[in-house]
Every structure is written in C-alpha cells, then in structure tokens.
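In what follows, a single structure is set out as structure tokens and then discussed.
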Amino acid sequence: MKPGTRWQTLGCGLFIVLFSLKALAHGDVTPHPLDTTGLQPVAPGSGYVNPYRGNTKAIAIGSDGYLHNCAGCHGLNAISGGVAPDLLAVAKDCFGMKAKDQQESCLKDTDEYFRDITLNGKKTGEGRYTMPGYRSVFTEEAVWAIKSYIDARTVEMNR
Ligand code: HEC
C-alpha cells in the first residue's frame, strides 16, 4: 500500500466515526433560521393564534424549516420514531371536532402551546434541556410556518 492511500483510508474512517457520533447525538441540532419572505408579517404581540393555517406557501416554508430543525428528533415527515413526542398528536383531536367554534378554540390552544415550547424549549426535572428553545433564531413567522406544516400533516394523516 502506498503511504498516500493509507492516509486516505484513515481520513475516510475518521470521517465515518465523526459522522456517526453526530448522528447519535440526534443529528444537527444547530438552529437554522427560516426564510419567510412572501408571508404576511406578524405584528409583534398580536396574539398566539396561527395566522397561516392552510396557507400553501407557509406550509412549504414550514416543511423545509421542520426538516432542518426538528426532523432529527421528531422524525422525518413528522412521523415520530420514538426519540421525541409525536407532533401529529398535538392538534389531532381538534381536527376531529364537528362544531367549528369548538374546533377553532381547540386549535388556538394547540397554537399557544406549540409556540411556547418551540420558542422556549422544555426542561426535564433536573433542569436539563430535552427540547431546545428556538427563540434566538425563530421569528413569529417561522413558528407559525412550522405549525402550519404540522397542522397540514395532521389533517393529511387522519383523512
Ligand atoms: C434535540 C432533539 C429535539 C429537537 C431538535 C426538537 N425537539 Fe421538540 N421535543 C424534544 C423532546 C425530547 C421533547 C419532549 C420534552 C419533554 O416533554 O420533556 C420535545 C417536545 C416538543 C413539543 C411538545 C410536544 C408534546 O406532545 O407535548 C413540541 C411542540 C416540540 N417539541 C416542537 C418542536 C419543534 C417545532 C422543533 C423544531 C423547530 C423541535 N421540537 C425540535 C426534542 C427535540
């Protein structure tokens, strides 16, 4: 074996080891901002209700944002692999409600809950983060784009 080949093999092996370590740590958990250009801006303090539910553009932006920020723990296409809770369960009951006003108020509750946990994260009893907070990189528009994607997936999976 030529010395050059040995170094190449070693480099490749090291890459595989580092890559696996990263995957073991739930993949890339560095928060990625979302490009929400084209969405109606959300006025700060305008409430905790998703203004984009059903908006195709928001769903597409949210889908991309979900893939880059949440899928590593909550699963590809929002199908939980058991590492983190099933996000399709959060608003599932609401979509099954027949009365529109009841459904609306149910969805509002899930919006507020989703926004709070996504921005602030969630700690275990010992104060260790299990769910990272995204406040430093997510705008209100980003949170609602991802919630729109989750809602659309919830409807899709319960048809
Ligand atoms: C590093 C892994 C990880 C990443 C990345 C992550 N989460 Fe979580 N998430 C968790 C864990 C673990 C929990 C459960 C926390 C607990 O209950 O203590 C959780 C809980 C939640 C909950 C509450 C669910 C429930 O049923 O109560 C929501 C909502 C949520 N995450 C949204 C998101 C969103 C949106 C993203 C991406 C922007 C994201 N998470 C990224 C690990 C992660």
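Every read-out reported here was derived from the displayed coordinates using simple, explicitly stated rules and does not represent laboratory data. Predicted model only: the values in this text are computed from it and were never measured. A quick note on method: Cβ atoms are made from the backbone with ideal geometry, for glycine too, and the neighbour counts reach across all protein chains shown.
Brief remarks on what is shown
- Among 121-128, 146-153, the peptide with the highest mean count of other Cβ atoms within 10 Å heads the list, and the full ranking is 146-153, 121-128.
- Amide hydrogen proximity for Met131: with H placed 1.01 Å from N in the peptide plane, the residues at 5 or more positions away or on another chain lying under 5 Å are Lys122.
- Inverting the pair-averaged 1/r between distinct Cα atoms of segment 31-157 gives 14.8 Å as its Kirkwood hydrodynamic radius.
- Cross-link pairs beyond the 26 Å C-alpha cut-off, checked among Lys122/Lys147; Lys100/Lys123; Lys57/Lys123: Lys100/Lys123; Lys57/Lys123
- Look at the alpha carbon pairs under 8 Å that are at least 6 residues apart: their mean separation over the length of segment 31-157 gives a relative contact order of 39 percent.
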